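*Asks:* Take a look at the following structure, please.
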Amino acid sequence: MFALDRDITLMEASLIAVADAGIDVRQTLFERFFATYPARRASFISVDAASRRMTDETLQMMFGLAKGEGWVWPLVAELVFTHRNYGALPIAEYDALIDMTVAELGLVAGPAWSPASASAWQQNADALKAMIRKARAEWAIAMPAGAPQAA
Ligand code: HEM
């Protein structure tokens with residue numbers, strides 16, 4: 001098995017383990033996120049609605065990157081642009097949300113989690129963080145007046 005195929009298999013196994021455990025990762029993820037960034041809580045009209053989609057899409061984007069899916073880039077570009085409606089979101093908060101998503105997955109995945117699966121997720125977490133930076137930088141060039149901040 002190629003290394004990339006192994007990463008996809010490991011990532012999928014941890015997603016299945018979390019689904020089988022019946023635990024909603026988004027609950028503790030958002031608790032952790034707001035504990036770290038309490039001021040951000042006020043940006044949300046509905047944490048319940050947003051946390052479902054934000055958690056799902058963050059996981060899908062990382063898994064999509066592992067599989068080399070072409071839809072990830074346009075989705076990230078759109079995400080970064082629509083998020084300008086929620087205020088000036090520092091890049092550190094994107095990084096934190098992504099890293100916390102991986103950490104929460106690891107806490108719930110139990111025996112399906114290993115150093116190899118953690119590394120597979122982290123590599124794609126880092127790729128997603130880089131893609132968000134690229135999207136912010138490209139919007140700043142393409143649309144300086146309305147673009148999300150690049151930093
Ligand atoms: C890869 C990372 C992220 C993804 C995939 C993502 C995805 C989404 C999606 C799909 C929505 C729409 C939810 C809905 O209308 O049901 C949303 C809303 C929102 N997101 Fe994100 N998001 C991400 C990162 C962030 C970060 C880092 C922040 C804050 C620092 C943030 C703040 C918000 C806010 C404030 C809303 C509006 C929620 C509301 O009105 O209740 N997002 N996000």
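*Asks:* Tell me whether the range 109-119 contains one or more residues that are within 24 Å of Pro38 (Cα to Cα) and hydroxyl-bearing (Ser, Thr, Tyr).
*Replies:* No, every residue in the range 109-119 fails to be within 24 Å of Pro38 (Cα to Cα) and hydroxyl-bearing (Ser, Thr, Tyr).
*Asks:* I've got another one for you. Quick check on my filter: what residues within the range 30-45 are near the ligand (Cβ under 10 Å from one of its atoms) and hydroxyl-bearing (Ser, Thr, Tyr)?
*Replies:* Those that are near the ligand (Cβ under 10 Å from one of its atoms) and hydroxyl-bearing (Ser, Thr, Tyr): Tyr37, Ser43.
*Asks:* Additional query: Which condition number does Gly146 fail, the rest of (1) surrounded by fewer than 16 Cβ atoms within 10 Å (Cβ to Cβ); (2) closer than 26 Å to Glu12 by Cα being met?
*Replies:* It fails just one condition, (2).
Taken together, the values in this text are just the output of simple stated rules run on the coordinates, not laboratory data. These numbers come from a predicted model, not from an experiment. So basically every Cβ, Gly included, is an ideal-geometry build from the backbone, and we count neighbours across all protein chains shown.
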